[in-house]
Amino acid sequence: MAFVITQPCEGVKDASCVEVCPVDCIHSDDDAPMYYINPDDCIDCAYCVAVCPVSAIFDEFTVPANQREYVRINRLYFSSR
């Protein structure tokens, strides 16, 4: 299981999640609209969930149905790197 950042992060890009991640698996770049969690590096600690100001982070099995595409979007971000 890994955590996934969903649509509420788009345009916000608050870095609170990045600051608390013990394995540095949350990334973005200047052109990206949001942050992404590397599913291969995430250790499922859930620290990021508690600090997200827009409640955009879920474990991949509890992502709301209308946000499921973000599981794929997060994986795609890292497959192109």
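Bear in mind that the values in this text are calculations on the coordinates, not laboratory data. Everything numeric in this text was worked out from a predicted model, so none of it was measured. Note that each Cβ is placed from the backbone with ideal geometry, even for glycine, and that neighbours are counted across all protein chains shown.
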Please tell me if residue 23 is in a strand (DSSP E or B) and of a type in the set (Val, Ile, Thr).
no
Output the residues belonging to the range 26-47 that are more than 18 Å from residue 10 (Cα to Cα) and assigned to a loop (DSSP other than H, G, I, E, B).
39, 40, 41, 42, 43, 44, 45, 46
Residues of the range 51-65 satisfying the condition of being over 9 Å from residue 2 (Cα atoms) and touching a residue at least 12 places away in the same chain (Cβ under 8 Å):
51, 52, 53, 54, 55, 56, 57, 63, 64
Only residues that are over 18 Å from residue 67 (Cα atoms) and touching a helix residue (DSSP H, G or I) at 6+ places or on another chain (Cβ under 9 Å): list them for the range 1-24, please.
14, 16, 17, 18, 19, 20, 21, 22, 24
Output the qualifying pairs, or none if there are none: Cβ atoms under 6 angstrom, residues six or more apart or on different chains, first residue in the range 16-32 and in contact (Cβ under 8 Å) with a residue 24 or more places away in the chain, second residue among the small types (Gly, Ala, Ser) and part of a loop (DSSP other than H, G, I, E, B).
none
Yes or no: the range 64-72 includes at least one residue that is touching a strand residue (DSSP E or B) at 6+ places or on another chain (Cβ under 6 Å) and aliphatic (A, V, I, L, M).
yes
Is there a residue in the range 68-75 that is closer than 17 Å to residue 24 by Cα and out of contact with any Asp or Glu (no Cβ under 8 Å at 6 or more places or on another chain)?
yes
Identify, from the list 45, 17, the residue that is of a type outside the set (Val, Ile, Thr) and buried (at least 16 other Cβ atoms within 10 Å of the Cβ).
17
